[in-house]
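One structure is given below, encoded as structure tokens.
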Amino acid sequence: MIFAITHPRNGSFKTTTAVNIAANLGIYEKKTLLVDVAGGDASTLLGCERSLPGITNIYRGGERIVDYVVPTRSPGVDLLPFGTGSFGFGMFWESLLEELQSEPYTYIVLDVNLNQYPPLGARYWNWMFFLNHRSPFQVEDARAMESMAHLVSSVADLSFRVINMGEHAPALEGLDIFETSLPIDSSIRRYTTPVANSQITSHLSRSFTQLTNEILTLS
């Protein structure tokens, strides 16, 4: 299964969520690949160098994608880093799917900036998960996510689900919501490793475990 986690803005806990879901899938012994399409802190959170070559270098050089996959400190989770080149879209999405179909991954998790990828790229995905929480821009963000779901639906056959964070998350029209809501406070930014590996008794870790259990039921 290939699913993307996204939000219209940076600093929205998107990467933190993607990394922790991937870590939980690994704990459940589901071989998982996290693909950093956002250029954020995914490498750092998984104990890898941010300067590693990755998908941006692949596109420019034409190398095989699997040659840039690296293991992480999180059991069962590999990483395809963002890389050090300037990002371009094109055959990357096709080659990603084609190459990784022969690799032993049960789940491929994409950490994606909503405003950076082309809608056509989504036709290779099974699910798109939108993060949703209160913010000074919540009305604009909600409309952006609804518009993106509508646009992607016109070119891709995939399903959508909303991950709510914190209390009183704004409503999104026409999109189903996971039952599990993630807690959101200042402490979430303090963690430099997946909480599933380091803070297993915390409320945040238990919430990610519950959310991962819901994801495991999806097809």
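Brief remarks on what is shown
- Residue-level check: of (1) at pLDDT below 85; (2) within 18 Å of Leu175 (Cβ to Cβ); (3) surrounded by fewer than 20 Cβ atoms within 10 Å (Cβ to Cβ), His150 misses just (1).
- A single entry from Ile215, Ile163, Ile188 fulfils the requirement of being touching a Leu at 6+ places or on another chain (Cβ under 9 Å), surrounded by 15 or more Cβ atoms within 10 Å (Cβ to Cβ) and modelled with pLDDT under 85: Ile188.
- One residue from Leu97, Leu79 being modelled with pLDDT of 90 or more, among the aliphatic types (A, V, I, L, M) and either under 20 Å from Val195 (Cβ atoms) or surrounded by fewer than 23 Cβ atoms within 10 Å (Cβ to Cβ) (or both): Leu79
- All positions within the stretch 14-65 that are among the aliphatic types (A, V, I, L, M), closer than 17 Å to Val109 by Cα and part of a loop (DSSP other than H, G, I, E, B): Val37, Ala38, Leu46
- Condition check for Phe208: at pLDDT 90 or above, touching a helix residue (DSSP H, G or I) at 6+ places or on another chain (Cβ under 6 Å) and part of a helix (DSSP H, G or I): yes
- When residues of the stretch 121-142 are limited to those that are part of a helix (DSSP H, G or I) and surrounded by 14 or more Cβ atoms within 10 Å (Cβ to Cβ), the one modelled with the lowest pLDDT: Gly121
- Screening the stretch 102-118 for residues that are over 21 Å from Val155 (Cβ atoms) and loosely packed, with under 13 Cβ neighbours inside 10 Å and picking the one that is modelled with the highest pLDDT gives Pro104.
- Positions within the stretch 143-190 being more than 20 Å from Asn10 (Cα to Cα) and in a helix (DSSP H, G or I), in sequence order: His150, Leu151, Val152, Ser153
The values are calculated or read from the model by the stated rules, or taken from the named source; none is laboratory data. Because the structure is predicted, anything quoted here is derived from the model rather than measured. Note: ideal-geometry Cβ built from the backbone for every residue, glycine included; neighbour counts use all protein chains shown.
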